[in-house]
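Chemist: This is the structure I have questions about; it appears just below.
The values are calculated or read from the model by the stated rules, or taken from the named source; none is laboratory data. Because the structure is a prediction, the values reported are computed rather than measured. Backbone-built Cβ (ideal geometry, glycine too); neighbour counts: all protein chains shown. These area figures cover heavy atoms from the full protein model, side chains too; ligands, DNA and RNA do not enter into them. Shrake-Rupley method; radii C 1.70, N 1.55, O 1.52, S 1.80 Å.
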Amino acid sequence: ILKLDWQKLFSQCSSEYMYHKTRAIVFHCIKYSETSVIAKIYTEKLGLQSYMVKGVRAAKSKSKAAMLQPLTLLEMEVSHRENKGLQYIKEFRRGFIYQSIPFDTLKSTISLFLLEVISKTIREHEPNEELFEFLYESFCALDETETLNPDFHLIFLLQLSRYLGFAPHGNFSDKNCFFEMSEGVFVTQQSTLNLMDKKESALLNDLLQVNLFENSSLKISRVERKQMIKNLLLYYQLHLENFSLKSPEILEEILD
């Protein structure tokens with residue numbers, strides 16, 4: 001008679017499938033079948049994951065499908081198995097309900113721009129709870145602010161770079177007054193191609209001092225703001241492989 005070690009068997013099964021409760025940010029989703037989707041979701045506890053969500057495209061599940069729109073903030077209970085390409089969601093609900101972003105053209109445009117940035121920069125499955133908290137609170141703050149900081153997207157990019165590991169070094173001074181983008185440091189003279197001029201470098205240093213969540217803005221002209229976004233996207237390109245965006249032109253038109 002074959003004797004089964006039920007405790008060992010249960011332990012093995014449990015180690016393969018684990019249930020987690022986690023906050024999450026929807027990046028995007030694609031149709032999988034007539035009633036299902038595959039959603040790319042950044043989670044607090046499990047990092048970036050792909051989830052099969054069955055039945056949400058059925059006529060009776062329209063409210064569930066709406067919760068998988070890009071940038072939706074969720075609370076989920078998920079089934080997770082290590083080294084598996086597709087995971088499964090057991091339950092999900094809104095973690096935060098946007099009150100202004102869906103109805104404000106400027107806020108929604110900035111949100112989609114920031115979504116494209118984080119979708120191109122966050123590719124790891126390992127969790128980073130500090131990064132997640134920053135993203136989650138950033139979108140909540142963007143929604144809740146009554147008067148939008150016109151520099152919000154600039155400050156966001158600079159603060160995001162800290163979590164991605166290439167934040168500019170804060171060594172600006174009267175002597176070190178040119179920002180060298182390849183190395184991420186302020187230098188003494190204009191000697192390389194990837195260099196911000198003196199005025200742009202001073203503005204960058206000012207932006208580095210601003211707290212995203214205090215809604216304090218600088219006196220920056222539209223021309224300066226446009227040039228700074230170009231500089232920051234180049235900075236990202238220099239430090240991230242295959243980084244390119246489709247939305248900067250749309251953002252420029254909206255902010256003009």
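Chemist: Answer yes or no as to whether Ser182 is touching a residue at least 40 places away in the same chain (Cβ under 8 Å), assigned to a loop (DSSP other than H, G, I, E, B) and either in contact with a Pro (Cβ under 7 Å, 6 or more places away or on another chain) or loosely packed, with under 14 Cβ neighbours inside 10 Å (or both). Spell out how you get there, then give the answer.
Modeler: Working: touching a residue at least 40 places away in the same chain (Cβ under 8 Å): yes; assigned to a loop (DSSP other than H, G, I, E, B): yes; either in contact with a Pro (Cβ under 7 Å, 6 or more places away or on another chain) or loosely packed, with under 14 Cβ neighbours inside 10 Å (or both): yes.
Yes: the conditions hold for Ser182.
Chemist: Also, quick follow-up: Pairs only if they're at least six apart or on different chains, beta carbon under 6 angstrom, first in region 224-236 and within 17 Å of Asp206 (Cβ to Cβ), second part of a helix (DSSP H, G or I); list them, first residue then second.
Modeler: Close Cβ pairs satisfying both conditions: Lys226/Glu252; Met228/Leu154; Leu232/Leu157.
Chemist: Check region 169-179 and report whether any residue there is under 30 Å from Leu73 (Cβ atoms) and open to solvent by 30 Å² or more (accessible area, probe 1.4 Å).
Modeler: no
Chemist: Among the numbered conditions (1) touching a residue at least 12 places away in the same chain (Cβ under 8 Å); (2) within 24 Å of Leu164 (Cα to Cα), tell me where Arg93 comes up short.
Modeler: Here Arg93 meets the rest and fails (2).
Listed here are the residues, each with its yes/no results for (1) hydrophobic (A, V, I, L, M, F, W, C); (2) modelled with pLDDT under 95; (3) at negative phi.
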position	(1), (2), (3)
Leu73	yes, no, yes
Ser79	no, yes, yes
Glu82	no, yes, yes
Gln99	no, no, yes
Ser108	no, yes, yes
Phe113	yes, yes, yes
Glu116	no, yes, yes
Glu126	no, yes, yes
Tyr136	no, no, yes
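Rundown of residues vs (1) closer than 18 Å to Leu115 by Cα; (2) hydroxyl-bearing (Ser, Thr, Tyr), yes/no style:
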{"residue": "Phe152", "(1), (2)": "yes, no"}
{"residue": "Phe172", "(1), (2)": "no, no"}
{"residue": "Met181", "(1), (2)": "no, no"}
{"residue": "Ser244", "(1), (2)": "yes, yes"}
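Chemist: Select from region 188-226 the residues that are open to solvent by 70 Å² or more (accessible area, probe 1.4 Å) and in a helix (DSSP H, G or I) and write down the one among them that is nearest to Glu137 (Cα to Cα).
Modeler: So the residue we want is Phe213.
Chemist: Can I ask one more? For region 153-168: of the residues being of a type in the set (A, V, I, L, M, F, W, C) and closer than 26 Å to Glu75 by Cα, which is surrounded by the most Cβ atoms within 10 Å (Cβ to Cβ)?
Modeler: Phe156
Chemist: Of all residues being of a type in the set (A, V, I, L, M) and surrounded by 22 or more Cβ atoms within 10 Å (Cβ to Cβ) in region 41-55, which is nearest to the chain's Cα centre (by Cα)? Just the residue, please.
Modeler: Here is the first cut: in region 41-55, the ones of a type in the set (A, V, I, L, M) are 41, 46, 48, 52-53.
Among the residues that remain, those that are also surrounded by 22 or more Cβ atoms within 10 Å (Cβ to Cβ) are: 41, 53.
Details: Ile41: 11, Val53: 22 Å.
Only one residue tops the list, namely Ile41.
Chemist: Which of the residues that make up region 101-152 are free of Cβ contacts under 8 Å to residues at least 60 places away in the same chain and either open to solvent by 70 Å² or more (accessible area, probe 1.4 Å) or among the aromatic types (Phe, Trp, Tyr) (or both)?
Modeler: Pro102, Phe103, Glu130, Phe134, Glu144, Glu146, listed by residue number.
Chemist: Quickly run through region 89-98 and pick out the residues that are within 22 Å of the chain's Cα centre (by Cα) and open to solvent by 80 Å² or more (accessible area, probe 1.4 Å).
Modeler: Within region 89-98, Arg93, Arg94, Ile97 meet the criteria.
Chemist: Next question, about the same structure. Going by the conditions given, is Val78 over 23 Å from Leu135 (Cα atoms) and surrounded by 13 or more Cβ atoms within 10 Å (Cβ to Cβ)?
Modeler: Judged against the criteria, Val78 is not a match.
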